[in-house]
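Worksheet: the structure to be examined is printed underneath.
The values are calculated or read from the model by the stated rules, or taken from the named source; none is laboratory data. Note that the structure is predicted; figures quoted are calculated from it, not measured. Please note: Cβ atoms are built from the backbone with ideal geometry, for glycine as well, and neighbour counts cover all protein chains shown. Surface areas here come from the heavy atoms of the whole protein model, side chains and all, with no ligands, DNA or RNA. Shrake-Rupley method; radii C 1.70, N 1.55, O 1.52, S 1.80 Å.
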Number of protein chains: 2
Amino acid sequence: MKNTYFSSSDILEMESRQRAAFINSLSGFKSASLIGSIDSNGNTNLAVFSSVVHLGSNPALIGFINRPDSTSRHTLENILETNCFTINHINAAIYKQAHQTSARYDKTISEFDATGLTPEFSKLLEAPYVRESQIKYGLEFVEKYELKINGTILIIGKVVEIIIPESCLLAHGAIDIEKAETIAISGLDSYHTTHQLARLTYAKPDKMSEEIS
Amino acid sequence: MKNTYFSSSDILEMESRQRAAFINSLSGFKSASLIGSIDSNGNTNLAVFSSVVHLGSNPALIGFINRPDSTSRHTLENILETNCFTINHINAAIYKQAHQTSARYDKTISEFDATGLTPEFSKLLEAPYVRESQIKYGLEFVEKYELKINGTILIIGKVVEIIIPESCLLAHGAIDIEKAETIAISGLDSYHTTHQLARLTYAKPDKMSEEIS
């Protein structure tokens, strides 16, 4: 394929919406999650995020990136108020409702009501889960970093409970997220199902890793 | 589907490799990237990462998570030494070689030589690109955060050049990463191709977003 090249100044000179679409697709496929939160008055909030990232397994830590000025600012405010949130995988049946949560609703309007998704509560956390999501987990807020370079916020949560379909738990410990129809996001607005190529054996220097059948 | 529930203590009591596989699949589908770097003596390094995350478009900023004690520690050392790195999308043709870069090679052994991938250099950066990767970009190191909670490192780079196939650039600015056969990762060892469900229109409060045809 013929390549095209973009320099720093090419990127700088792009029209801003074009550049946002361009740079947002550069990082590869992204996780597709709905983050559920609640304020101290009991107002629930739900927002789509594609920046959820694994930070560690012991303790189990997950992070995500938030912009204070974005439509997801209520998520950040709620988490700092009530110290908890939920992460709910987006699947092929609910991706349109999930995307709709990115509209700029007033704080008094719950995205659950606006999109038709169903809030569900555990005994442990105040923050709402999404009933229609198959894989979901609850987190306690633990740390927040403001990135100096552009003011975005990294929020870190500790996983305190996990709910998954029993049939999606694999023998070696992993969750079969493809079986649960979890999808992936590209850029700002493109949603994708997946097809497994293979699992590969743990890589060692002295022999090439192989497919696990 | 019947659900199964894991509490904090269930997670704590899991066997460590099982827990790593479990928690690593919890964040959803992950980007599949090879990070190329070089030390001040000219030794190249290449390592698979699934933690690359978009941080901002203007300026264009990308982050990734690194563990100082992991097989990818040379990536971190090199970036701090030479202040640059490359990110190369993993596609279906090279995912086995990409996975193999996670083996614990000595610092004097280049993963390019060990896996058969081909280093390629731009005029701008010292760090090597991967010839077999279709979508690739170069970054200048800008910030580093050590996360207090578990000592992992967030590295932030500013995008300074981008190389993509001309045929993968879409009219609205995004890159068609599915056309470039970029893949996604689940957990520690599972590789996936994708199939686009749809692109959706920008969400507004007063009407449901729709498919873009």
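Inter-copy label distances for A:SER122: 4.3 nm (label point placed 7 Å from Cα along Cα→Cβ; shortest first).
Comparing B:PHE22, B:PHE112, B:PHE121 in a Gaussian network model of chain B (Cα springs below 10 Å), the most mobile by mean-square fluctuation is B:PHE22.
Can you tell me the FRET efficiency between A:ASN58 and B:HIS195 if r is taken as the Cβ-Cβ distance and R0 is 41 Å, rounded to the nearest 0.05? That pair, A:ASN58 with B:HIS195, gives E of 0.75. Would you compute the Debye intensity of region A:57-133 from its alpha-carbon atoms alone, equal scatterers and no solvent, and pass along log10 I(q)/I(0) at q = 0.10, 0.15, 0.17, 0.20 Å⁻¹ to two decimals? One equal scatterer on each Cα of region A:57-133 leads to -0.25, -0.59, -0.76, -1.07.
Mean residue ellipticity, 222 nm, helices only, chain B: the sum of -39500 (n - 2.57) across DSSP H runs of n ≥ 4, divided by residue count and rounded to 500, is -4000 deg cm²/dmol.
Sorted from closest to farthest, the other copies place their A:ALA171 label points 5.1 nm away, with each point set 7 Å from Cα along Cα→Cβ.
Across the identical copies, the label point of B:GLY42 (7 Å from Cα in the Cβ direction) is separated from its matches by 7.1 nm, in order from shortest.
Modelled spin-label separation between B:LYS207 and A:LYS2, with each label point placed 7 Å from Cα along the Cα-to-Cβ direction: 3.8 nm.
Shape annotation for chain A: C-alpha extents along the principal axes are 57, 51, 33 Å, from largest to smallest. Computed from Cα atoms alone, the Kirkwood hydrodynamic radius reported for region B:94-202 is 16.9 Å.
Taken over the Cα atoms of the protein assembly as shown, the convex hull encloses 130 Å³ per residue. Distances between placed amide hydrogens fall under 5 Å for A:SER51 paired with A:ILE65, all partners being 5 or more residues away or on another chain.
Counting only residues at least eight positions apart within a chain, or on another chain, the aspartates and glutamates with an alpha carbon under 15 Å from that of B:LYS207 are A:ASP106, A:GLU111, A:ASP113. How much length is gained if the chain between B:THR118 and B:ILE149 is pulled fully straight, taking 0.36 nm per residue apart and subtracting their Cα-Cα distance, in nm to one decimal? Residue separation times 0.36 nm, minus the Cα-Cα distance, leaves 7.4 nm. Overall shape of region A:7-121 was characterised from the C-alpha gyration tensor. The equivalent ellipsoid obtained from it has semi-axes of 26, 18, 15 Å, in decreasing order. Counts of other chain beta carbons within 10 angstrom of each beta carbon in peptide B:152-161 average 4. Remark: accessible area buried at the A-B interface is about 9500 Å², both chains counted, probe radius 1.4 Å. Between the amide H of A:THR4 and those of B:ILE164, B:GLU166, distances stay under 5 Å, these residues lying 5 or more places away or on another chain, with hydrogens modeled in the peptide plane.
Between A:ASP106 and B:ARG104, how many nm apart are label points set 7 Å from Cα along the C-beta direction? It works out to 5.9 nm between the two label points. A:ILE183 contributes an accessible area of around 0 Å² to the protein surface, as traced by a 1.4 Å probe with all chains present. Taking only Cα atoms and a 10 Å spring cutoff, compute GNM fluctuations for chain B and point out the largest among B:GLY157, B:GLY138, B:GLY173. Of B:GLY157, B:GLY138, B:GLY173, the most mobile in the Gaussian network model is B:GLY173.
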